[in-house]
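Student: Just dropping this structure here.
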Amino acid sequence: MKKAFIQVPSMRSQHCQLRVEDGIKKLGNTQHLELKSGIVEIDFQNQSQLDKVQQEIVDLGYTVIAAHVQDDTNPSEKTYQFKTNINCSGCVARVQPFLAEATGVCHWGVDIHNTDKILTVHSDGISEQEIMSTVERAGFKIEPLKK
């Protein structure tokens with residue numbers, strides 16, 4: 001089983017997330033499915049299954065920007081989580097170009113419904129400090145999430 005993170009920037013609200021979740025579940029064969037603001041995380045068995053999920057998202061009227069398949073054999077891939085003040089879809093749109101330009105960011109998402117406004121960044125080489133500097137340049141507060 002492989003894990004994919006599909007970037008769907010227009011899927012921000014809970015309504016949109018539920019709509020996408022229902023569409024994907026109708027396809028069947030989903031063992032793990034998690035939706036966050038702008039990100040669909042799914043376990044899949046083969047490329048054909050992943051392609052069907054992405055097509056379903058497009059058929060529902062959303063744009064798929066990219067799908068990153070997690071490579072458990074790559075030691076440079078890390079996941080970082082931060083507490084931020086990125087609290088609405090407008091804020092997410094404001095930080096998006098900064099994170100899109102940052103080298104080493106595979107994909108990211110913000111849980112704007114969580115009281116701590118959790119930013120999750122899946123890294124392929126960018127450091128925790130570089131992520132924090134990037135988000136601060138966009139005008140937001142950020143601190144590592146204490147585990």
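Please treat every number below as a calculation from the coordinates, not as lab data. Computed from a predicted structure; not experimentally measured.
Student: Give me the aspartates and glutamates in straight-line cross-link reach of LYS26: C-alpha distance below 12 Å, same-chain residues under 8 apart excluded.
Tutor: GLU56
Student: Given only helices, namely DSSP H runs of n ≥ 4 each adding -39500 (n - 2.57), what is the per-residue ellipticity at 222 nm of the chain, to the nearest 500 deg cm²/dmol?
Tutor: -10500 deg cm²/dmol
Student: Okay, next question. Rounded, prolate or oblate: which one fits the range 1-133, using the alpha carbon gyration tensor with axes a ≥ b ≥ c (rounded when a/c is under 1.5, else prolate when a/b beats b/c, else oblate)?
Tutor: oblate
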